[in-house]
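Trainee: Quick one: the structure is below, and I'll ask about it shortly.
The values are calculated or read from the model by the stated rules, or taken from the named source; none is laboratory data. As the structure is a computational prediction, the values presented were derived from the model and not from experiment. No Cβ is skipped: glycine too gets one built from the backbone with ideal geometry, and neighbour counts run over all protein chains shown. Side chains included, ligands, DNA and RNA excluded: accessible areas come from the protein's heavy atoms. Shrake-Rupley method; radii C 1.70, N 1.55, O 1.52, S 1.80 Å.
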Amino acid sequence: MISVADLLTNDRIPANYYANEVYVRGDLEMGLLESRRGDRLLAIPETLIQAIYAGLTKETGQASRLVLFNCGRWWGKNFFNRFRDEVSDYYEMPLVDMSMAEFLQALKQCWMTYGLGKLDLDQSYHHRGFLVITTWNSAFIRQAPKSQLPAGFLEAGILSAVFSQLAGRELHCVQTSCESLGSDCNRFVIGLQKRLDSAEAMVEKQLDHESIMPRLCA
Amino acid sequence: MQPPFDAIFDEAEHRYLKPDELQEMRQYVFSLKDRVSTYQMIRDRELSLMQQVADQIQYTMPDAELAALERSLKNAMLSLRYCSMGMVLNDPSFVQNRLLGWLSDSMQIHNSSAIDRAVFRLIVQQLAQVLTSQQMELFQPFLNLAQAVLPAPVEEEMLTVAGMF
Amino acid sequence: MANLLWSGATAPSHQTLTKLKNPKKHNHYGFKEFFQFDATQGTIVDWNDSQNILTTEDFIIGLVEGLEEEVGDASAATMYTIGCEWGQKDAFFFEKWFEKEFDRGIRQTNLLFLLETWWWPFTAQGWGRWEIDLGERKQGFMFINIFDSAVARTLGDVGKPVCYLYAGLFAGFFTELVRKQLSCIEIQCYSMGETYCKFLLGGQERIDAASFWLNEGATARDIEKRLKSGELR
Amino acid sequence: MLNQIQRLSQATEGRYATDEELSFLADYGRSFDLRVQTYQKLQASEALIVQQVQAKMKAMDATLFQSGQEDITNKWKRDTLRTFRYAAAAMLADDPETLRERFLFWFQTIMRAFGAQRSCGVTYTVMQEVVKQHLIPPQANLILPILEVNRRMLGTV
């Protein structure tokens, strides 16, 4: 028999930790933003995003992609650690014990509340050792300088860090489709570095996601 | 509609509220007594009400997985909590922003529409016994918001002549 | 720059009820009015229709670390360049939204009001509060204080100025605003154990002098004194 | 109210509010009619109040309406009217917090930039005296604390 009283934790039912009205707090007296746990937040406007691209291109040329990827990795690692602490405290359950569906639901909400856009997981290549993350509405991709190649370096860095932390082993991430190139969404393939090398080469040759995946899995 | 107090500051520097705007506020403020007592009623009867729902749902859906039932009951309780607060504040956007996105996501992930629908049906039945019709009238619009995001039941594909070949 | 950018046809815009009802009533001073979260698209748009993302301070460290790996010590100069680009782009952006919001040109507006209006979004975006001292502008320089610098607070006590991003932002913005090449240097920093960060803005000659004195161990107060007495190295 | 409502809805996330947490709603309901009366009284007397404040200030110190050589009476009037209206709104909503958040933090930066703290200090002190003469004590008790918030936020260095 189900006892309804047992379904409650201290009279509370946890739901969406990342509801934006609760998660983000502004203090205009100090000019500060913070999360509900008290971590300082910064809002990065379009002009700064454009400036990051322009400044990096000016000073580092081609290396700017790598700088952004590394920045994403650095940030992503901290992002994940914070996410893990926030979520496991809130749901009173270690992240490793959460179901994939619940983990993903929290990650999606977190991603949205940070204004990073929408995110989803495509598990159809899971058995081949790859995860595919799809995203929409990325401000970094919207503002990227025009190029023949996918532009989500920052996101690729973040996602590689997040899933490396989650898996407990070093994983790489390659973007195989991009809204800036007219795709319906951004697709990021996550897997072991050596298994993704060929994907990187195929992206350089401007193959699309549908052509890359079967070859990667062959 | 806009939450009752938002409008006060919106144009504060340009004009004062008009008599009809003040009247609208007055109506809300004087409805607060009923809103709060309805809230208290739902709050205080939550456990017994939901326990009855839980007993009935186990009876009507004996084959359903226990975990799935529990999850649906939890989501329903959560909805009751958010919707009743939305009623106190007379603010549908509160329910929209704080509950609905997350709720519909959760229901889709767990593909639990049949159970969710049955649970909600039972809740409405139970509420009708606990609340007066006036209280139900206050609460119903907010409950409807949550019910509106329940995924439609999956219809079995009907074979038609057009689909034969 | 516009032609270098890919702008999606569906770029989000700020559409709150307040704004729809009062498109001309600049009632955006509050945090809730300034940002509009779209919980179905996962976007944040500010009052001036700029899409924002939230980060933690690690984002700035990540950028500095990422740069150090690639360009070593030149990372400071790169952060300054990014700041300059930011200030320059923001000057254009500001001019546009100011005129739309207040129905008058930025050059027909009281300077003090104009500058506070420029910084207000940064306050809402979490970049800290500022204080601007225009007392010496006739002599060709001025000071800006920043409380709670996002950069310095993050990096902690490292014993030297670190807020190159802010310095660049001021240099870029004021260069566009006054249409004269200006530079900026941080002469006192939270990460040197001070309670706030202080920036000097002026022509290259003065900034070079300040930089020289700073290297010789001068304090912000020394530098201020020497500049006010008209000294140039 | 906006601020209290927001705090209520944040604090009770995922649970029900207690009777104690809900009590401010009933308190507000009891004061509402008086608030509306006061609000409408302030609206009707707005021009006169501002005029009387101006006259009193001029008698005290005419330089308060001067910035260097410039006569800033009109500017003062605009600013004072605006702040007065926000104060009336905050009184109606019983919400000094939202007043700070949506208006005063911003307006403070402008007043400081213009070095208008002394003038603001006098304005909102004198305004409290003047307003008192237009209202009965229970009404005055609602608006005076808000005017004091204005004075503290805008009139101190």
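Trainee: If we keep just the residues of segment C:38-48 that are free of Cβ contacts under 8 Å to residues at least 12 places away in the same chain and in contact with a helix residue (DSSP H, G or I) (Cβ under 6 Å, 6 or more places away or on another chain), which is farthest from the other protein chains (Cβ to nearest Cβ)?
Mentor: Top of the filtered list is C:Ala39.
Trainee: Condition check: surrounded by fewer than 20 Cβ atoms within 10 Å (Cβ to Cβ), of a type in the set (A, V, I, L, M, F, W, C) and part of a helix (DSSP H, G or I). Does D:Leu99 satisfy that?
Mentor: No; evaluated as a whole, the condition is false for this residue.
Trainee: Can you confirm whether segment C:70-83 contains a residue that is at pLDDT 90 or above, crowded, with 18+ Cβ neighbours inside 10 Å and within 30 Å of B:Ala7 (Cα to Cα)?
Mentor: For segment C:70-83, residues at pLDDT 90 or above, crowded, with 18+ Cβ neighbours inside 10 Å and within 30 Å of B:Ala7 (Cα to Cα): absent.
Trainee: Further question: What single numbered condition from (1) facing another protein chain (nearest Cβ under 8 Å); (2) out of contact with any helix residue (DSSP H, G or I) (no Cβ under 6 Å at 6 or more places or on another chain); (3) open to solvent by less than 50 Å² (accessible area, probe 1.4 Å); (4) within 30 Å of B:Lys74 (Cβ to Cβ) fails to hold for A:Asn81?
Mentor: Among (1) facing another protein chain (nearest Cβ under 8 Å); (2) out of contact with any helix residue (DSSP H, G or I) (no Cβ under 6 Å at 6 or more places or on another chain); (3) open to solvent by less than 50 Å² (accessible area, probe 1.4 Å); (4) within 30 Å of B:Lys74 (Cβ to Cβ), A:Asn81 violates only (1).
Trainee: Anything in segment A:92-136 that is open to solvent by less than 50 Å² (accessible area, probe 1.4 Å), closer than 18 Å to C:Phe37 by Cα and in contact with a Lys or Arg (Cβ under 7 Å, 6 or more places away or on another chain)? List them, or say none.
Mentor: Within segment A:92-136, A:Met112, A:Leu119, A:Thr135 qualify.
Trainee: Scanning segment C:90-105 for residues that are open to solvent by 30 Å² or more (accessible area, probe 1.4 Å) and assigned to a helix (DSSP H, G or I), which turns out modelled with the lowest pLDDT? Walk me through how you get there before you give the answer.
Mentor: The first filter runs over segment C:90-105 and keeps only residues open to solvent by 30 Å² or more (accessible area, probe 1.4 Å), leaving C:92-93, C:95-96, C:99-100, C:103-104.
Adding the requirement that they be assigned to a helix (DSSP H, G or I) leaves C:92-93, C:95-96, C:99-100.
Details: C:Phe92: 96, C:Phe93: 96, C:Glu95: 96, C:Lys96: 94, C:Glu99: 91, C:Lys100: 88.
Among those residues, the one meeting the criterion is C:Lys100.
Trainee: If you check A:Leu149, A:Leu181, A:Leu154, which single one turns out to be more than 12 Å from every other protein chain (Cβ to nearest Cβ) and either crowded, with 20+ Cβ neighbours inside 10 Å or free of Cβ contacts under 8 Å to residues at least 60 places away in the same chain (or both)?
Mentor: Unique residue meeting the criteria: A:Leu149.
Trainee: Among the residues of segment A:24-57, what is the count of those that are at negative phi and more than 9 Å from chain C (Cβ to nearest Cβ)?
Mentor: 3
Trainee: Taking the options B:Leu66, B:Leu49, name whichever one is surrounded by 15 or more Cβ atoms within 10 Å (Cβ to Cβ), over 21 Å from D:Arg85 (Cβ atoms) and modelled with pLDDT of 90 or more.
Mentor: Checking each option against the conditions leaves just B:Leu49.
Trainee: Of all residues in segment B:62-98, how many are at the interface with chain A (Cβ under 7 Å from one of its Cβ atoms) and touching a residue at least 40 places away in the same chain (Cβ under 8 Å)?
Mentor: Final tally of qualifying residues: 2.
Trainee: Taking the residues in segment D:1-60 that are assigned to a loop (DSSP other than H, G, I, E, B) and of a type outside the set (S, T, N, Q) as candidates, determine which candidate is surrounded by the fewest Cβ atoms within 10 Å (Cβ to Cβ). Show your work before the answer.
Mentor: Start the filter on segment D:1-60 by keeping residues that are assigned to a loop (DSSP other than H, G, I, E, B), which leaves D:1, D:12-18.
With the extra rule that they be of a type outside the set (S, T, N, Q), the set shrinks to D:1, D:13-17.
On the way: D:Met1: 21, D:Glu13: 21, D:Gly14: 20, D:Arg15: 15, D:Tyr16: 19, D:Ala17: 21.
Restricting to residues being assigned to a loop (DSSP other than H, G, I, E, B) and of a type outside the set (S, T, N, Q), the top hit is D:Arg15.
Trainee: OK, next. Mind checking which residues of segment A:14-23 are in contact with a Ser or Thr (Cβ under 7 Å, 6 or more places away or on another chain), open to solvent by 10 Å² or more (accessible area, probe 1.4 Å) and not polar (S, T, N, Q)?
Mentor: none
Trainee: If I ask for residues that are open to solvent by 50 Å² or more (accessible area, probe 1.4 Å) and not in a loop (DSSP other than H, G, I, E, B), which ones from segment C:106-146 would you list?
Mentor: Within segment C:106-146, C:Arg107, C:Gln108, C:Leu111, C:Leu112, C:Glu131, C:Asp133, C:Arg137, C:Lys138, C:Gln139 meet the criteria.
Trainee: How many residues are open to solvent by less than 10 Å² (accessible area, probe 1.4 Å) and either within 21 Å of C:Asn48 (Cα to Cα) or in a loop (DSSP other than H, G, I, E, B) (or both) when one looks only at segment A:25-46?
Mentor: Count: 8.
Trainee: Another one. Look at segment B:99-114 and say how many of its residues are aliphatic (A, V, I, L, M) and open to solvent by less than 20 Å² (accessible area, probe 1.4 Å). Even if it seems obvious, please write down each step before you answer.
Mentor: Start the filter on segment B:99-114 by keeping residues that are aliphatic (A, V, I, L, M), which leaves B:99-100, B:103, B:107, B:109, B:114.
Among the residues that remain, those that are also open to solvent by less than 20 Å² (accessible area, probe 1.4 Å) are: B:99-100, B:103, B:107.
Qualifying residue count, segment B:99-114: 4.
Trainee: Related question: Test each condition in (1) of a type in the set (D, E, K, R); (2) modelled with pLDDT of 90 or more; (3) surrounded by fewer than 18 Cβ atoms within 10 Å (Cβ to Cβ) for A:Asp11 and report the one that comes out false.
Mentor: In the conditions (1) of a type in the set (D, E, K, R); (2) modelled with pLDDT of 90 or more; (3) surrounded by fewer than 18 Cβ atoms within 10 Å (Cβ to Cβ), A:Asp11 misses (2) alone.
Trainee: If you check every pair at least six apart or on different chains, which have Cβ atoms under 8 Å apart with a residue in segment A:90-113 that is more than 14 Å from chain C (Cβ to nearest Cβ) and closer than 18 Å to B:Asn75 by Cα first and a residue that is acidic (Asp, Glu) and in a helix (DSSP H, G or I) second?
Mentor: A:Tyr91/A:Glu102
Trainee: Could I ask something else about it? Please verify whether segment C:49-70 includes one or more residues that are among the aromatic types (Phe, Trp, Tyr) and more than 7 Å from every other protein chain (Cβ to nearest Cβ).
Mentor: Scanning segment C:49-70, I find no residue that is among the aromatic types (Phe, Trp, Tyr) and more than 7 Å from every other protein chain (Cβ to nearest Cβ), so the answer is no.
Trainee: When you look at C:Thr78, is it assigned to a helix (DSSP H, G or I), of a type in the set (S, T, N, Q) and either over 19 Å from A:Ala139 (Cβ atoms) or more than 7 Å from chain A (Cβ to nearest Cβ) (or both), yes or no? Break it down stepwise before answering.
Mentor: Working: assigned to a helix (DSSP H, G or I): yes; of a type in the set (S, T, N, Q): yes; either over 19 Å from A:Ala139 (Cβ atoms) or more than 7 Å from chain A (Cβ to nearest Cβ) (or both): yes.
So C:Thr78 passes the test.
Trainee: Which residue pairs have Cβ atoms closer than 9 Å, lie 6 or more positions apart in sequence or on different chains, and pair a first residue in segment C:138-152 that is within 13 Å of another protein chain (Cβ to nearest Cβ) and on the phi > 0 side of the Ramachandran plot with a second residue that is part of a loop (DSSP other than H, G, I, E, B) and open to solvent by 20 Å² or more (accessible area, probe 1.4 Å)?
Mentor: C:Asp148/A:Met30; C:Asp148/C:Tyr196
Trainee: Another question, if that's okay. Specify which of the listed residues (B:Tyr39, B:Tyr59) is at the interface with chain D (Cβ under 8 Å from one of its Cβ atoms) and under 25 Å from the mean Cα position of the chain (by Cα).
Mentor: B:Tyr39 is the lone residue from the list that is at the interface with chain D (Cβ under 8 Å from one of its Cβ atoms) and under 25 Å from the mean Cα position of the chain (by Cα).
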